[in-house]
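First comes the structure, then the notes that go with it.
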Amino acid sequence: MHPRFSAPGGVRDVLRVGLPLVLGMASTTAMEFTDRVFLGNYSLTSIAAALPAGLANFVFLSFCMGVVEFAGVFVAQYTGAKQPERVGAALWQGLWFCLPAAAFMACLALIAPALFSLAGHPAEVQAQEVAYFSILSKGSGLALTGMCLSTFFSGRGLTKSVMLVNMAGAMLNIPLDYLLIFGKCGFPELGIRGAAYATCASWGVNFLLFALLVFRREHERCYLVRSAWRFDRELFLRFLRFGLPGGVQFAMDILGFTLFLFVVGSLGAESLAATNIVFSINGLVFLPMIGMSVAASVLVGQAQGARDPDRAVFANMSALYVSLAYTLFLDFFLVFFPRELLALFRPQDISLEQFQAIQDTGVVLLRMVAVYCLFDAVGIIQYGSLRGAGDTRFVMLAMLATSLGILVLPTWLMVRVLGWGLYPAWACVLTYIAGLAVILRLRFMRGAWRRLKVIETAGA
């Protein structure tokens, strides 16, 4: 058998760690996809409001998640260094961060009206954006804490538990979406608010299941998941040192796309709806790739914990091959069956003729997506690998520079100042993703991450 497949950090290890995460993310993607389909069939206003409001919530949530997610890097490196007794303490520092973060997220509901008034969207769209954002913000603490608990498994490469829990949340969300959006089986017809309540319910289920799985007696014996609950100032500050840049980076990426949507929204409901639908379809490609990125982060983190950077390089290439193969497979459908995908989102309240214009625009955009997804497949693996090695500061700075310099400002200039329309704006998206992928790939290849120390050595 070829060493690329069977060696430590090879394709087999990538699939062992990453495939359950991909399947788990696929269930989350299916949940969000179904959410958008239901809302698209409910009304054009709902689908136009859902993605901007969802992304606005995710901008803030992503910062907190980007920080909390670094608990998984600590878990991975302590696992690689054969220091399991430190895993519980690392996990708890992430949980201590979750408490103020959840309170902050809930308070964001207070600024929702002012926030969405800045976008300049039609009044009926704004009203639904405010409702959707407010409900999601109040429930975001459940998502954040659930993610933190999941790092106990993902950081050790035991990702089947993460997959099963995410699938359970999706299985709850999809029927709840149908019942609460349309008011079926005696439930109230809540429209976009129903979609938000269904999402929060699935977050709550995920949190409860992870808590039950993590704090078991056998995990206490090996990892001290119960007794290591105390706040550890030195470990917490080290957690923030590496985690905060990751949070800023994650938030900047989401913020860039959110601002992009706000600018595109000024072109009219048709352009906004086409963009929202295409981004929803893009999630079918992008979100499962996050599973491969986490796999790269785990394998690189474990290799770094074991002081074996050559194995980290090997794992990075293995994850890259898998990610590109997956992207090429899905690109086939984006290129050759775009109308069929777009047709799933036709709202009930517009005619076939009206949707035709949205569909024609969407075909062009989906083929642009097919191109930039290949670059995204490269970039997301480099991001996961650099994160697993602790090189979060560089990733943050690269994301900040490219998000503002290639995506946000050029889009605003082209749309608001020059009036060039939708397609030049989308060209900025393609350039941004391609540019970031090249920068991160070069950074990993140059190997500055080899000298970083995330965890203390045994006995230190």
Checklist entry - Within the set of pairs 6+ apart or on separate chains, which have a first residue in segment 439-460 that is assigned to a loop (DSSP other than H, G, I, E, B), a second that is modelled with pLDDT of 90 or more and surrounded by fewer than 19 Cβ atoms within 10 Å (Cβ to Cβ), and C-beta atoms under 7 Å apart? => result Ala458/Gln83
Checklist entry - For residues in segment 384-432 being buried (at least 17 other Cβ atoms within 10 Å of the Cβ) and of a type in the set (Val, Ile, Thr), which is nearest to Phe242 (Cα to Cα)? => result Thr392
Next on the checklist: Being surrounded by fewer than 22 Cβ atoms within 10 Å (Cβ to Cβ), out of contact with any Ser or Thr (no Cβ under 6 Å at 6 or more places or on another chain) and closer than 20 Å to Met65 by Cα is the requirement here; does Ala196 meet it?
Outcome noted: no
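Residues checked against (1) touching a residue at least 60 places away in the same chain (Cβ under 8 Å); (2) more than 24 Å from Tyr383 (Cβ to Cβ):
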| position | (1), (2) |
| --- | --- |
| Leu21 | yes, no |
| Arg36 | yes, yes |
| Val68 | yes, no |
| Gly72 | yes, no |
| Trp96 | yes, yes |
| Met105 | no, no |
| Leu108 | no, yes |
| Ser117 | no, yes |
Next on the checklist: Quick check on this structure: which one of Val335, Val298 is out of contact with any Pro (no Cβ under 7 Å at 6 or more places or on another chain), of a type in the set (Val, Ile, Thr) and farther than 24 Å from Ala427 by Cα?
Outcome noted: Val298
Checklist entry - Is at least one residue of segment 28-37 within 15 Å of Phe257 (Cβ to Cβ) and of a type outside the set (D, E, K, R)? => result no
Checklist outcome for this item: All conditions in (1) in a helix (DSSP H, G or I); (2) more than 25 Å from the chain's Cα centre (by Cα); (3) buried (at least 21 other Cβ atoms within 10 Å of the Cβ) are true of His219 except (3)
Item to check | Residue check for Val264: buried (at least 17 other Cβ atoms within 10 Å of the Cβ), under 24 Å from the mean Cα position of the chain (by Cα) and more than 25 Å from Ala401 (Cα to Cα) | outcome: no
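Check every one of the helices (runs of 4 or more DSSP H) wholly within segment 324-438 and list those with 2 or more residues that are touching a Lys or Arg at 6+ places or on another chain (Cβ under 9 Å). Even if it seems obvious, please write down each step before you answer.
Working: elements: 338-343, 352-389, 392-402, 409-412.
Because the criterion is at least 2 residues that are touching a Lys or Arg at 6+ places or on another chain (Cβ under 9 Å), the helices (runs of 4 or more DSSP H) in segment 324-438 that meet it are 352-389, 392-402.
The values are calculated or read from the model by the stated rules, or taken from the named source; none is laboratory data. All figures in this text were calculated on a predicted structure; none of them were measured in a lab. Note that each Cβ is placed from the backbone with ideal geometry, even for glycine, and that neighbours are counted across all protein chains shown.
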